[in-house]
Amino acid sequence: MAAFWIDRTDVTNAQFAAFAQATGYVTVAERLGTSLVFVGASAVVDMNDPGRWWRVVRGASWRQPMGPGSTIAGRETLPVVHVAYEDAQAYAHRPTRAGSAPTCRPRPNGNTRRAAASTARG
């Protein structure tokens, strides 16, 4: 595996909301209109069948983590969810202040920093 950078902490809903507000960024889940939501299992299930504990939910996104009717209100300090690799790249390459350089900086070995994205859990 090639070397990469990762933030010390998860990106929170509040941080991602500020990014989306400032840039008008729309995530993959928002563009597709659907995402996977972790629903758990009521009994022991076949671990080879993720459909037993994940569901495709129309309208689920970082803004509505459990789908329509849910919100990130009260979850501002929790890690953002429903963020694809493409979304994490956009966040990592954002300017930290108006007119400043992106947060993604080359490493001495030439690799660039990659943002960590949380799994899509509500």
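The values are calculated or read from the model by the stated rules, or taken from the named source; none is laboratory data. Just so we're clear, the structure is a prediction, and the values are computed from it rather than from any experiment. Heads up, the Cβs are rebuilt from the backbone with ideal geometry, glycines too, and the neighbour counts pull from every protein chain shown.
Summary table
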| item | result |
| --- | --- |
| Contacts under 6 angstrom Cβ, first residue in region 46-63 being touching a residue at least 60 places away in the same chain (Cβ under 8 Å), partner of a type in the set (Ser, Thr, Tyr) and not in a loop (DSSP other than H, G, I, E, B), 6 or more apart | Ala60/Ser35 |
| Whichever residue in region 25-49 is farther than 22 Å from Thr77 by Cα and among the acidic types (Asp, Glu) and, among such residues, is farthest from the chain's Cα centre (by Cα) | Asp46 |
| Qualifying position, being at pLDDT 85 or above, more than 13 Å from the chain's Cα centre (by Cα) and surrounded by fewer than 16 Cβ atoms within 10 Å (Cβ to Cβ), among Ala22, Ala3 | Ala22 |
| Matching option when the condition is modelled with pLDDT of 95 or more and over 11 Å from the mean Cα position of the chain (by Cα), among Thr103, Thr77 | Thr77 |
